[in-house]
Amino acid sequence: MKIASFIDHTLLKPDATLADIQQICKEAVAHGFAAVCVPPFYIAQARQALEGTPVKLATVIGFPLGYSATVAKVEEIKRGIDEGADEFDIVINIAAAKNANWTFVRNDIDRMLTACHLRAKQIQVIIETALLTETEILEICKICNDLEPDYVKTSTGFNGAGATPEIIRLLRANLKKEIKIKASGGIRSHEDAQALIEAGADRLGTSRGIEIAGENK
């Protein structure tokens, strides 16, 4: 298994510099990673750095807390598309989920999904599993099964524990097979990556892609 092809090479630290972003783009191309994931501020520069390569460009929306107004998230998506992003990792409104306001959660996801799919861009719905109960996770799976995003993603990596094989198996058992799963948060080794892929993950969001890919040689 070529682990590199599963990896979204990620740098979302608030103090990331342009030089840092350009470096991870070079690394993603050199190692054959699936994508790079960068802050919205750096989309245009990352697009330039990846031009002519097969590496996809991802960014984040409503990150990392998810409770931005839906209209603001949609505008972030529109601007990101104009600047060259291919994929959008959007954070659900976790506050709404914790209050069982499922109509709001659904509408929030639906409007962002529509903004992406109208321009043929992929959407990855971050549900932040560490902050949710199993009942809440299952309710969000039902919403996603209805709306059919491209991916459901476990975590931002900023709020509690990240992906585990158990969570991936729970998601895989409760999502339509057409909906892929992205594991993110706390993936530090080839063994971690292998376990998550075996559990059902289709992509891996990690800032340790080079180390993980290196261990796979």
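Does Ala19 satisfy being farther than 14 Å from Gly205 by Cα and either touching a helix residue (DSSP H, G or I) at 6+ places or on another chain (Cβ under 8 Å) or hydroxyl-bearing (Ser, Thr, Tyr) (or both)?
On the way: farther than 14 Å from Gly205 by Cα: yes; either touching a helix residue (DSSP H, G or I) at 6+ places or on another chain (Cβ under 8 Å) or hydroxyl-bearing (Ser, Thr, Tyr) (or both): no.
No.
Take Lys78 and tell me if it is open to solvent by less than 60 Å² (accessible area, probe 1.4 Å), of a type in the set (Lys, Arg) and assigned to a helix (DSSP H, G or I). Reasoning before the result, please.
Details: open to solvent by less than 60 Å² (accessible area, probe 1.4 Å): no; of a type in the set (Lys, Arg): yes; assigned to a helix (DSSP H, G or I): yes.
Here the answer is no, as Lys78 does not meet what is asked.
Condition (residue is surrounded by 22 or more Cβ atoms within 10 Å (Cβ to Cβ) and of a type outside the set (Val, Ile, Thr)) applied to segment 99-106: is it met by at least one residue? Full working, then the answer.
If we filter segment 99-106 for residues that are surrounded by 22 or more Cβ atoms within 10 Å (Cβ to Cβ), which is where we start, we get 105.
When the remaining residues are screened for being of a type outside the set (Val, Ile, Thr), the result is none.
Taking every residue of segment 99-106 in turn, none turns out to be surrounded by 22 or more Cβ atoms within 10 Å (Cβ to Cβ) and of a type outside the set (Val, Ile, Thr).
Determine whether Val38 is among the β-branched types (Val, Ile, Thr) and either touching a Phe, Trp or Tyr at 6+ places or on another chain (Cβ under 6 Å) or under 25 Å from Pro14 (Cβ atoms) (or both).
yes
From the residues in segment 81-98 that are crowded, with 20+ Cβ neighbours inside 10 Å and part of a helix (DSSP H, G or I), which one is nearest to the chain's Cα centre (by Cα)?
The residue in question is Ile94.
Among residues belonging to segment 171-191 that are of a type in the set (A, V, I, L, M) and either assigned to a loop (DSSP other than H, G, I, E, B) or surrounded by 20 or more Cβ atoms within 10 Å (Cβ to Cβ) (or both), point out the one that is farthest from the chain's Cα centre (by Cα). Spell out the reasoning first.
So in segment 171-191, the residues of a type in the set (A, V, I, L, M) come out as 171, 173, 175, 179, 181, 183, 187.
Keeping just the survivors that are either assigned to a loop (DSSP other than H, G, I, E, B) or surrounded by 20 or more Cβ atoms within 10 Å (Cβ to Cβ) (or both) gives 171, 175, 179, 181, 183, 187.
Details: Leu171: 15, Leu175: 16, Ile179: 13, Ile181: 9, Ala183: 8, Ile187: 13 Å.
For segment 171-191, the residue satisfying everything is Leu175.
The values are calculated or read from the model by the stated rules, or taken from the named source; none is laboratory data. Predicted, not measured: the structure shown is a model, and the values here were computed from it. Positions of Cβ are generated from backbone atoms using ideal geometry, with glycine treated the same way; all protein chains shown enter the neighbour counts. Areas reflect the complete protein model, heavy atoms only, side chains present, ligands, DNA and RNA absent. Shrake-Rupley method; radii C 1.70, N 1.55, O 1.52, S 1.80 Å.
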